[in-house]
1. Using alpha carbons only, how many angstrom separate the centre of the stretch 112-127 from the centre of the stretch 454-469?
2. Quick one: work out Rg over Rh on the C-alpha atoms of the stretch 61-322, Rh as Kirkwood radius.
3. Just to be sure I understand the model, the point goes 7 Å from the Cα along the line to the Cβ. What's the resulting R394 to A193 distance in nm?
4. Give the long-range amide H neighbours of V444: residues separated by 5 or more places, or on another chain, with amide H under 5 Å away, using H modelled in the peptide plane at 1.01 Å from N.
5. Only residues of the stretch 565-583 count here: report those whose backbone N is under 17 Å from the spot 7 Å along Cα→Cβ of E654, or say none.
6. Mind checking the full-extension length gain between I425 and V143? Use 0.36 nm per residue of separation minus the Cα-Cα distance, one decimal, nm.
7. With Rg and the Kirkwood Rh both taken from Cα atoms, where does Rg over Rh land for the chain?
8. Determine, for each peptide in 587-594, 640-647, 215-222, the mean count of other beta carbons within 10 angstrom over its residues, then list the peptides with the highest first.
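What follows is calculated from the coordinates using simple rules that are stated; it is not laboratory data. Just so it is clear, the structure is predicted and the values come from calculations on it, not from any experiment. So basically every Cβ, Gly included, is an ideal-geometry build from the backbone, and we count neighbours across all protein chains shown.
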Amino acid sequence: MCTAGVGYFTKILYRELSIVAIFAKDNRTQSCDKNIATYRMKKTILSLGILLSASVCSASIPVSSPDGKLKVVTDIVSGKPIYSVIYNGNTMIENSPLGLRTDVGDFSTGMSMVDSKTSTVSKSFDQDKIKKSHIDYNANSLVTTMKNGAGQEISVEWLVSDNDIAFRYNIPRQGDTGAMVVESEATGFRFPAETKVFLTSQSDAMIGWKRTKPSYEEFYITDAPLDSVSKFGHGFTFPGLFRIGDKGWVLLSETGVDGYYCASHLSDNVDGVFSIAYAMPEENNGNGSAAPGISLPKSTPWRTITVADNLSPIVETTIPWNVVEPRYETSRPGRPGKGTWSWIVWQDNSMNMADQKTFIDLAADLGYDNILIDAGWDQNIGYDRMPELLGYAREKGIRPILWYSSSGHWNDIVQSPIDKMDRPIVRKKEMKWLRDNGVECIKVDFFGGDKQETMRLYEDILSDAADYGIDVIFHGCTLPRGWERMYPNHVGSEAVFASENLIFEQIFCDMEAFHATLHPFIRNSVALMEYGGTIFNRRMSRDNNSGNTRRTGDVFQLATSVLFQNPVQNFGLTPNNLTETAPDAISFMKEVPTTWDDTKLIEGYPGRYVVLARRHGDKWYIAGVNALKEPLKLKLDLSALGLKTGSAVFYADEKGKEVKAKTMKIKKDSSVPVEILPDGGVVIVAE
Ligand code: CA
């Protein structure tokens, strides 16, 4: 188990014995020095005894969380760096590999420990756009420095807070060598045999609609065996959730990914290990390297491991933002807000002046902030007539968000505008036109994958947009990895089977509740999620009399406006809802906030049901949905919310009844009995 440690001690022993031998040899006739030699010999043997018995292995170095419950142990065994994760005395990740393989040297094998340093990290910061507005972060830090057989060094930096681990590689300049290609990582995650997985597959490249994948729009497997194989053979995307028998939960993701690296995912389980895998060569139509190229010194992105014996820390984690910093300042903060968009239900045919004005009117009637004008505006309305439409929105106090394709040479998209966001000269010209016409937010769609080259494009669009006072939403895109904090004008990303799928195929309507019970625990836990939800039409069409059939209740739809967190919410409401939908449902949609000061899981289980509480100011919005086949009777414990008053407003789906806001008393013990119908929802608003 500790060959490296023994080797290290053997070296010490050898050195000490050599010195002793020199003493003994040189001073054979001098009794005084003989005593020194004997003393030194005794001390050496004593030290060796202590070292071998007490610490077992010198390279085994632990670091624990401030509360002492979470522990990482790093080690080097047979030259291979490894780590394990223990929570409350239970092993949550077994000995798993670390290391990088690069064109400069191999840092995954033949390694030996050079030194280690510990310290602490404490920071407090305010963060809009995510699940909490203020964050206090306290972690213990360990940096282990190792060298390979060629004497080349690399460090692993660990930050361990009460339920979160973040780790990364710090790579120093290697002598004269300042440029490196990281060919692959040994970094992996080995889970105990009893583990069940909640994962979604990484897609093949250049498949799907106009060859736009991968775009993080695949089905999940839930509570599946540890050796489940991915759908396309490329492993699974971040984040990944793992249930370690009855011992607890682990959520894996990464953060701090920018144009200096590619985005990663998890390989399939090979010999018990999910490894860090890079983008596939076929992504981005083969352009750009799959392996990241870096200058030295450089740090890799942080890989994050959230660990707990219950699901609350999984849902409430802020680790993606704790370990990154804003990359630039903007003239104003990214703007939250609610909006309407015609495309989601009325589709392509609504991309005309009259229908867009109708949805601007709808936004104004609802007291909303935004109108999202989707694909095709440049052709169907035209650049020359856009000032008229944008002026109409401005008069009504509604901010326009304009859609763009990111492409480019990486897909076959014809939805336009195209070729406006891919290169800096055309992009900045477009940004200037947007600014001159009062547009302060864009939605950019259809990206080419996870290569470093595409990470650069995301960063370039954000950076240029910031210079022109423009916020950015990404669609058909990757998981944002810390971007809410890194890029102040990033206000949304899709990277999920979003509401459009309800329109496209009945199966998504059939699975709507199931998906809704996954996102708070997985996708939406590590990043904002631009879903475009809350659709009141019974049928997924403009006439509300054709197309796919919605299975979920109206209160379920209200609940998703709270469950799915994104600072800019473009809801799927349509003009007919103002007269056809229950007035109490419309009133709720007028009032529901899109920014949150706090988030707490009340109870739930991914794939079955979830009840989540989010606070805006003094008001808690408690939203629950049920994906089970049976009605769910719960006694919610709201004591953690510290409710001040005894009364609340309560909404629940009831068979055959329209949405009605009811008042309810909350008992002294803050317990609230609720019944959630299958495909139904409840919402409680309380102070
Ligand atoms: Ca999409």
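1. 30
2. 0.95
3. Each label point is offset 7 Å from its Cα along the Cβ direction, giving 6.9 nm.
4. Y404, I473, F474, H475
5. 582-583
6. Full extension of this stretch gives 97.3 nm more.
7. 1.04
8. Packing order, densest peptide first, comes out as 215-222, 587-594, 640-647.
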